[in-house]
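Rule-based calculations on the coordinates, nothing more; no lab input. Everything quoted here is computed from the prediction, not taken from an experiment. As a convention, Cβ positions derive from the backbone with ideal geometry for all residues, glycine included, and neighbour counts pool all protein chains shown.
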Amino acid sequence: MSETNGWENYSKLVLQQLETLTSGIEALRAELQDVKEQLTELKAKEDRVQELKIWREKLDDIASPPQLKAALEEIENLKEFKTKAITTFAVVQFLMVAAITFSNML
C-alpha cells in the first residue's frame, strides 16, 4: 500500500511538472507570437525607409540640397524684386498722371 501511495505521489508530482512545463510553453508561444508581430512591423518600417531612400536618391539626382536652397533664395529675391518693380511702376504712373494733369492746368 505504501508502494501505491508513493507511486501516486510521484505521478501527481510528474503531472504537476508537466502542467507547469505546458503553461511555460504556452507563455513562450504567446511571447513568440508577439515577437513575430513586432518583426512584421519592423519589416514594414524598413520597407518604408527603403522607399524614402530611393525617393531621396532620385531627388538628389535632380537637385542637391544646396542647389535647392540656392533656388529658394533666388525665388525669394525675385519676389522681392517684383514687389519693388510694381511699386516703382505705380509711383512713376502716379507722377506721370500728376505731371499731365499739372501741364493741362497751365
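Take region 52-66 and flag every residue that is in a helix (DSSP H, G or I) and within 21 Å of the chain's Cα centre (by Cα).
Initially, region 52-66 is screened for residues in a helix (DSSP H, G or I), giving 52-62, 65-66.
Passing the criteria: L52, K53, I54, W55, R56, E57, K58, L59, D60, P65.
Is it the case that K12 is in a helix (DSSP H, G or I), of a type in the set (K, R) and surrounded by 10 or more Cβ atoms within 10 Å (Cβ to Cβ)? Taking the combined requirement at face value, the residue satisfies it.
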